[in-house]
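Here's the structure we're looking at; comments come further down.
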Amino acid sequence: MDSKDKGLFSMHSGNGPLSYVKNSSYQGGVLEAAKAIIEEEIATRLEIPNNSCLCVAEFGCSTGNNSFPAMQTIIEAIKYKYQSSNLKTPEFYVCFNDVVSNDFNTLFSSLPLDRSYEVAAVPGDFHGRLLPPSSVHFAYSSWALQWLTEVPKAAEGLKSPAWSGREREEVYDAYLGQFERDIESFLKCRAVEMVDGGIMALLIPGIPDLWDPQKESTVVSRVELLRSSLVDMAKMGRLSVAKSRIFNLPYYFPTADELRAILQKSNIFSIERMEILKCGTFLNIDGHVACLRAVHQNMLAHKFGAETIDETFDLLKKKFYASPVYADPSKDKTIMIVAILKHNNV
Ligand SMILES: C[S@@+](CC[C@H](N)C(=O)[O-])C[C@H]1O[C@@H](n2cnc3c(N)ncnc32)[C@H](O)[C@@H]1O
């Protein structure tokens, strides 16, 4: 496939695929698929610290729905490691991080009653320092690192969506560059906060090296559909043409090879394992529209006005129904990249 046909977030192909290992459904199911990997890595790679208290930190926890089972998996696996070595189980603390506007009240009021850990909220941008030095034994982040700190400057002011090939390449490079800088900032801060020998599990949504947008879909094509709904809304005079032209979304979905190349540059963290999970959503069209609305509604209302939201998402739904690609969930080729890193600052 010509790279120019792949859409803004997916224009380069990488150097050879990793193996696909498991099926998973949307977000929550990804944890199910990643669970075995995390358990194995804790069993084989986590160095048992000589501490009476262990800290697990989750970066980008939202209101906890998917975080709680993830924390349970991690803590049970660590406990098992202590018990099978006949060691006294330590106390556990979980630091739940998200942006300051996150609904931490909902998170705290829905904490599992049978949990075996104490909790703390750590509000703030995970691209900056959040926790004390050498305090975190296991760091976890799922479906959050695709968010960028800003839309790259090169993407602003272009005549979306009819960019010339050259402009598209520039925009692509700018997005990838921003993603790389953001991942680097994230790792730099965690390098200070984590103990030597600590393990990090990153679950990042991405796209395969190659996919055919005529016959298959990914999270990128669904976002492109939203973008084209906004452009149509502008053409119909329902929202500002000027604003729709400069509207770009602050996230990037990497290929596994792109992510690996970025992670490999760290001189503190080593990549211990990288796997690709099939992340087909198994959502029907109404489910996709509801998901896109949940993620983007506030952002779009802020930019274009709350009165435009219903019509934009009605239009989006029509676009979904007009394309045979979205009728069959098995055609969703979105992936979840699981990267297990180890802190090696010795
Ligand atoms: C899609 S949710 C994922 C929630 C959960 N981890 C999961 O796997 O379902 C992404 C979360 O990352 C948070 N997030 C995005 N950028 C962030 C940042 N720079 N610092 C902290 N949290 C961030 C968002 O606020 C959001 O709650």
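Just so you know, all these numbers are worked out from the coordinates, no wet-lab data involved. Nothing here was measured: the structure is a model prediction, and the numbers come from that model. Cβ: placed from backbone, ideal geometry, glycine included. Neighbour counts: every protein chain shown.
How many percent of the alpha carbon pairs in the range 162-259 exceed a separation of 19 Å?
Details: 2791 of 4753 pairs.
Percent of Cα pairs beyond 19 Å in the range 162-259: 59.
Place a +1 charge on the Cβ of each Lys and Arg in the range 180-296 and a -1 charge on the Cβ of each Asp and Glu, then give the dipole magnitude about the Cα centre in debye, rounded to the nearest 20. Can you show the working numbers first?
Details: 15 positive and 15 negative charges, 124 e Å.
Using Cβ point charges on Lys, Arg, Asp and Glu, the range 180-296 gives about 600 debye.
Residues whose amide H lies under 5 Å from that of S142, counting only those 5 or more places away or on a different chain, are F59, L203; hydrogens are built 1.01 Å from N in the peptide plane.
So which of K153/K265; K35/K215; K215/K318; K215/K265 end up more than 28 Å apart by C-alpha? From K153/K265; K35/K215; K215/K318; K215/K265, over 28 Å: K35/K215; K215/K265. Mean-square fluctuations from a GNM of the chain, with a 10 angstrom spring cutoff on Cα atoms, peak among K333, K265, K81 at K265. Scanning residues 5 or more positions from V122 or on other chains, those with amide H under 5 Å from its amide H are F96, N97, D98, with H placed 1.01 Å from N in the peptide plane.
Dipole magnitude for the chain: computed about the Cα centre from +1 point charges on Lys and Arg Cβ and -1 point charges on Asp and Glu Cβ, it is near 460 debye. A Förster radius of 45 Å, combined with the Cβ-Cβ distance separating E170 from A327, puts the computed FRET efficiency at roughly 0.85.
May I ask you to list the GluC sites (Glu not before Pro) in the range 247-346 that are in a DSSP loop and have at most 14 other Cβ atoms within 10 Å of their Cβ? Spell out each step's value before the answer.
Numbers: sites: E258, E272, E275, E307, E311; in loops: none.
Sparse-neighbourhood loop GluC sites (Glu not before Pro): none present.
For the range 206-254, the gyration tensor built on C-alpha atoms gives an oblate shape. Its axis ratio a/c (a ≥ b ≥ c) is at least 1.5, and a/b is not larger than b/c. Using only side-chain charges placed at the Cβ, +1 for Lys and Arg and -1 for Asp and Glu, the dipole size of the range 244-299 relative to its Cα centre rounds to 140 debye. Helix 67-84: angle to the longest alpha-carbon principal axis of the chain, degrees 0 to 90, nearest 10? So the helix axis and the longest Cα principal axis differ by about 30 degrees. When the helices of the chain are scored as -39500 (n - 2.57) per DSSP H run of n ≥ 4 and the total is divided over every residue, the value at 222 nm lands at -13000 deg cm²/dmol. With the charge dipole of the chain set up from +1 on Lys and Arg Cβ and -1 on Asp and Glu Cβ about the Cα centre, the Cα lying farthest toward the positive end among the listed residues G128, A256, T218 is that of T218. Distances between placed amide hydrogens fall under 5 Å for S266 paired with no residue 5 or more residues away or on another chain. Excluding K188 itself, what net charge comes from residues whose Cβ is under 12 Å from its Cβ, given Lys and Arg +1 and Asp and Glu -1? With Lys, Arg at +1 and Asp, Glu at -1, the net is +1. Partner aspartates and glutamates whose Cα lies under 13 Å from the Cα of K319, excluding those fewer than 8 positions away in the same chain, are identified as E224, D232, D286, E311. Label separation (K303 vs K235): 1.8 nm, computed from points 7 Å beyond Cα along the C-beta direction.
For the chain, state the semi-axes of the equivalent ellipsoid (square roots of 5 times the eigenvalues of the alpha-carbon gyration tensor), sorted largest first and rounded to whole angstrom. Could the numbers behind the result be given before it?
On the way: eigenvalues 263, 90, 75 Å².
For the chain, the semi-axes come out at 36, 21, 19 Å.
Just to confirm the number: angle between the C-alpha axis of helix 285-304 and the first principal axis of the chain, 0 to 90 degrees, nearest 10? It is inclined by approximately 80 degrees. For the range 3-343, give the share of DSSP beta bridges that are antiparallel, in percent and rounded to the nearest 5; count only bridges with both residues there. Counting DSSP beta bridges with both partners in the range 3-343, the antiparallel share is about 40 percent.
Judged by the ratio a/c of the largest to the smallest principal axis of the C-alpha gyration tensor, the range 263-327 counts as oblate, that ratio being 1.5 or greater while a/b is no larger than b/c.
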